[in-house]
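The values are calculated or read from the model by the stated rules, or taken from the named source; none is laboratory data. From a predicted model like this one, the values you see are computed outputs, not experimental measurements. Cβ placement follows ideal geometry from the backbone for every residue including glycine, while neighbour counts extend to all protein chains displayed. Please note that ligands, DNA and RNA were not included when accessible areas were found on the heavy atoms of the full protein model with its side chains. Shrake-Rupley method; radii C 1.70, N 1.55, O 1.52, S 1.80 Å.
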Amino acid sequence: VQLQASGGGLVQAGGSLRLSCVASGRAFMYGMGWFRQAPGKEREFVAGISWSGGSTLVADSVKGRFAISRDNPKNTVYLQMNSLKPEDTAVYYCAASKIPGRPDNREILYDYWGQGTQVTVSS
C-alpha cells in the first residue's frame, strides 16, 4: 500500500485546510489515521476512521475542530481542519492499518505511512 498525502500549506489562525490521502496498491480495506509531528515533539495521533467509515476517533486536542472522513471508491481519506491554531503547525502523516474496524490511536497498529504534508498556521 502506498499513501500520498497532500493539501498542506500556510494558513492564518482561524482558517481551514483539508488534507487528502490517496491510497494505492492493494484493496482499500484498511483503517486509516492521521498523525502529526511538530518540531522537537513526538508524533501524535490526530484522528482515525474505520474501513467502513462508520467509526471515527478524534484526539481531544482537535475535537470539535477537525473531522476525518473517507471516500472508498476514490481510495481517499480526508482530514478537514477548521479553526486552526498556531499549535496545529506540524507535518501531518496519513497511515493505514490492516485492522479495518474500530480506529485506534496507537502508532504501532498502523502498517503503512505516507510521506507527510506540512501545515503551518501563522498567528
*In region 77-92, what residues are β-branched (Val, Ile, Thr) and more than 18 Å from PRO103 (Cα to Cα)?*
THR89, VAL91
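Could you say which residue among SER83, SER69, SER61 is at pLDDT 95 or above and either within 18 Å of ASP111 (Cβ to Cβ) or part of a strand (DSSP E or B) (or both)? Break it down stepwise before answering.
Details: SER83 fails: either within 18 Å of ASP111 (Cβ to Cβ) or part of a strand (DSSP E or B) (or both); SER61 fails: either within 18 Å of ASP111 (Cβ to Cβ) or part of a strand (DSSP E or B) (or both).
Result: SER69 is the single residue among SER83, SER69, SER61 that is at pLDDT 95 or above and either within 18 Å of ASP111 (Cβ to Cβ) or part of a strand (DSSP E or B) (or both).
Do we find that ARG36 is open to solvent by less than 20 Å² (accessible area, probe 1.4 Å) and touching a strand residue (DSSP E or B) at 6+ places or on another chain (Cβ under 7 Å) in this structure?
Yes: the conditions hold for ARG36.
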*asked:* Of everything in region 2-30, what is modelled with pLDDT of 95 or more, farther than 13 Å from TYR78 by Cα and in a strand (DSSP E or B)? Give them in sequence order.
replied: GLY9, LEU10, VAL11, GLN12
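Taking region 86-101, which residues are part of a loop (DSSP other than H, G, I, E, B) and not small (Gly, Ala, Ser)?
Step one: list which residues in region 86-101 are part of a loop (DSSP other than H, G, I, E, B), which gives 89, 98-101.
Scanning region 86-101 gives THR89, LYS98, ILE99, PRO100.
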*Top-ranked residue in region 44-58 [being assigned to a loop (DSSP other than H, G, I, E, B) and polar (S, T, N, Q); ranked as least open to solvent (accessible area, probe 1.4 Å)]*: SER50
*For region 31-45, does any single residue satisfy the condition of being touching a helix residue (DSSP H, G or I) at 6+ places or on another chain (Cβ under 8 Å) and over 20 Å from ARG106 (Cα atoms)?*
no
*Looking only at region 11-25, decide whether some residue is out of contact with any His (no Cβ under 7 Å at 6 or more places or on another chain), hydroxyl-bearing (Ser, Thr, Tyr) and open to solvent by less than 40 Å² (accessible area, probe 1.4 Å).*
yes
*ARG26 passes all but one of (1) within 19 Å of THR117 (Cβ to Cβ); (2) out of contact with any Phe, Trp or Tyr (no Cβ under 8 Å at 6 or more places or on another chain); which number fails?*
(1)
*In region 80-102, what count of residues is obtained for those that are closer than 22 Å to GLY53 by Cβ and either open to solvent by less than 20 Å² (accessible area, probe 1.4 Å) or among the aromatic types (Phe, Trp, Tyr) (or both)?*
7
